[in-house]
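> Provided herewith is a single structure, encoded as structure tokens, for subsequent inquiry.
Laboratory data are not the source of any read-out in this text; all were calculated from the coordinates shown. Because the structure is predicted, anything quoted here is derived from the model rather than measured. So basically every Cβ, Gly included, is an ideal-geometry build from the backbone, and we count neighbours across all protein chains shown.
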Amino acid sequence: MTDTTDPVRRLPLVFEAPRRGKPPKHWFDLSVDERKDAVVAMGLPRYRADQISRHVFDRLEDDASRFTDLPAEIRVELGQQLFPRLLEQVTQQTADAGRTVKTLWRLHDGALLESVLMRYPGRTTLCISSQAGCGMACPFCATGQGGLKRNLSQAEIVAQVLAADQMLAQGLIPGTTGRLNNIVFMGMGEPLANYSAVIGAIRTFLAPGPNGFGMSARGITVSTVGLVPKIRQLADEGLPLTLALSLHAPTDALRDELVPINERWNVEEVVEAAWQYAQTTKRRVSIEYAMMRDINDSVEHAHQLARVLRRRGEWGWVHVNLIPLNPTPGSRWTASRKADERAFIATLEGHGVPVTLRDTRGQEIDGACGQLAATHP
Ligand code: SAH
């Protein structure tokens, strides 16, 4: 018999995030075929699955008691078995004249997560979470300080999108009623550390009606610290998703400190994987670089960054997205001086590197990049 317990502490050897009871199973966890199998298991004909999906993805209705074209007793059973409530709203805060909305959600086991809806002229973006907490421990990021609570289920990821589309449909965001155009995995968690749930959720975002939200892959951004084997796997999915790589430093000495997973996959390895991603998918990769005063924001750092990113002598594969650091409570890092920002940008442009400075939405509600901590009394 193999002993799977730790000989010293007699504890089970569990390397994955703890699961205090799995999240309840939901329609959003299932593939199209699995949904058909599920309705058959309830004694319904297969075509009922499409009917149910039309309620959800076309009409944004996830309360099974309102699926009035189904027999009443089936609605009850369906509600209990496949449409449990996954997200319970705890608080909601708005900023930027109502155009930025941060929602704190509680999950079935009490875990908390946040998502942030941002309306821009002509488009609406949702920043979603892939994990409750995060295990990557980047010292400047609020989420990183609390550690990983657990992975989100596929359905818990999809439910954030449904909730946002419902808010938009109800006219709760001033000036717009349409659906989401963009989804960015830039909330809590490391999406590539929860790969199968994230890719399953993405397939639901992309699936045409009635089986999904019918979104465009170009509108979906997966942001990662740089888990190299998972970047390769993502490239091989054959989906033109946008990849964002959180680089934040051009040298290993500095990146080891800012993004600790760099000790596993270093700057050269992550940039090469990102370049490969661009070759395979024909999608320009976004390099995220949080500007930190007197840490990574000198002209010399900008020259080093340009050297690191130049691949086969060209820049066509990449775009640098500078993020003014959002200081988190107790952090010793703060945002760069405006003059240093300008010099950094000018240096990159001097090399021909495409570069933009991210606007910082939702700062005053702690809803900006890296501020999601999901603390609640
Ligand atoms: N785990 C993913 C998603 C995290 S959040 C990743 O690391 O890419 C999305 C972006 O916000 C990342 O680039 C992250 O490094 C950045 N970020 C984290 N804390 C920040 C802060 N305090 N200020 C600005 N950006 C921050």
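> Sort 21-27, 321-327 by packing, meaning the average of other beta carbons within 10 Å per residue, with the highest value first.
321-327, 21-27
> Number of Lys pairs in the chain with C-alpha atoms less than 20 angstrom apart, excluding same-chain neighbours closer than eight positions?
Pairs that pass both the separation and distance tests number 4.
> Treating only the Cβ atoms of Lys and Arg (+1) and Asp and Glu (-1) as charged, compute the dipole magnitude of the range 27-82 about its Cα centre; round to the nearest 20 debye.
160
> Taking one equal scatterer on every alpha-carbon of the range 223-351, how large is log10 of I(q)/I(0) by Debye at q = 0.14, 0.21 1/Å?
-0.60, -1.25
> How far is the Cα center of the range 272-302 from the Cα center of the range 142-221, in Å?
Here the two parts' Cα centres lie 24 Å apart.
> Along the range 143-148, what does the Karplus equation 6.51 cos²θ - 1.76 cosθ + 1.60 (θ = phi - 60°) give for ³J(HN,Hα), rounded to whole Hz, x for Gly and Pro?
So the J values, rounded to whole Hz, are 4, x, 6, x, x, 8.
> Could you work out how much longer the chain between residue 268 and residue 314 gets when fully extended? Use 0.36 nm per residue separation minus the Cα distance between them, nm to one decimal.
Once the chain is fully extended between residue 268 and residue 314, it gains 14.9 nm.
> Set the Förster radius R0 to 22 Å, insert the Cβ-Cβ distance between residue 282 and residue 32 as r into 1/(1 + (r/R0)^6), and round the FRET efficiency to 0.05.
The pair residue 282/residue 32 has a calculated efficiency of 0.20.
> Same structure, new question: Can you compute 3J(HN,Hα) from phi for each residue in the range 244-254, using the Karplus curve 6.51 cos²θ - 1.76 cosθ + 1.60 with θ = phi - 60°, rounded to whole Hz and x for Gly and Pro?
10, 10, 7, 8, 6, 7, x, 10, 5, 4, 6
> Given that compact globular proteins tend to follow 2.2 N^0.38 Å, what is the ratio of the alpha-carbon Rg of the range 175-222 to that value?
Cα Rg divided by the expected 2.2 N^0.38 Å: 1.21.
> Further question: Give the peptides 362-369, 336-343, 153-160 in descending order of average Cβ contacts within 10 Å, highest first.
Descending packing order for the listed peptides: 153-160, 362-369, 336-343.
> Now, a different point. Report, in order of residue number, the helices in the chain meeting two criteria: a C-alpha extent of 18 Å or more along the helix axis, and a mean Kyte-Doolittle hydropathy of at least -1.0; treat each whole DSSP H run as one helix.
Membrane-span-like by this criterion, though nothing is claimed about a membrane: 154-169, 267-281, 338-351.
> Also: Over all directions, the average projected area of the alpha-carbon convex hull for the range 27-82 comes to how many nm²?
Quarter of the Cα hull surface area: 3.3 nm².
> For labels at residue 47 and residue 89 in the simple 7 Å Cα→Cβ model, what's the distance in nm?
Here the answer is 3.7 nm between the modelled labels.
> Sticking with this structure for a sec: How high is the relative contact order of the range 27-82, in percent, with contacts defined as C-alpha pairs under 8 Å that are six or more residues apart?
Averaging sequence separation for qualifying contacts and normalising by length gives 21 percent for the range 27-82.
> Using the Cα centre as the reference, give the magnitude of the dipole from point charges on the C-beta atoms of the chain (Lys, Arg: +1; Asp, Glu: -1; all else neutral), rounded to the nearest 20 debye.
Using only the charged Cβ atoms, the result is roughly 440 debye.
> Using the crude model of +1 on Lys and Arg Cβ and -1 on Asp and Glu Cβ, and no other charge, please compute the dipole size for the range 162-271 relative to its Cα centre, in debye to 20.
Here the range 162-271 has a charge dipole of around 500 debye.
> At a threshold of 8 angstrom on Cα-Cα distance, excluding pairs fewer than six apart, so keeping six or more, what relative contact order does the chain reach in percent?
Contact order relative to length: 14 percent.
> Over all Cα pairs of the chain, how is the pair count split among 10 Å bins, expressed in % and running from 0 up to the last occupied bin?
5, 23, 31, 25, 12, 4, 1
> In a GNM of the chain with a 10 Å cut-off on Cα contacts, which of 360, 125, 100 has the highest mean-square fluctuation?
Ranking 360, 125, 100 by mean-square fluctuation puts 360 first.
> When the helices in the chain are scored as -39500 (n - 2.57) per DSSP H run of 4 or longer and the sum is shared across all residues, what 222 nm value do you end up with, to the nearest 500 deg cm²/dmol?
-9000 deg cm²/dmol, from helical runs alone.
> In addition: For the range 361-366, just list the computed ³J(HN,Hα) in residue order, Karplus coefficients 6.51, -1.76 and 1.60, θ = phi - 60°, integers in Hz, with x standing in for Gly and Pro.
Ordered by residue, 3J(HN,Hα) equals 6, x, 4, 6, 10, 6 Hz.
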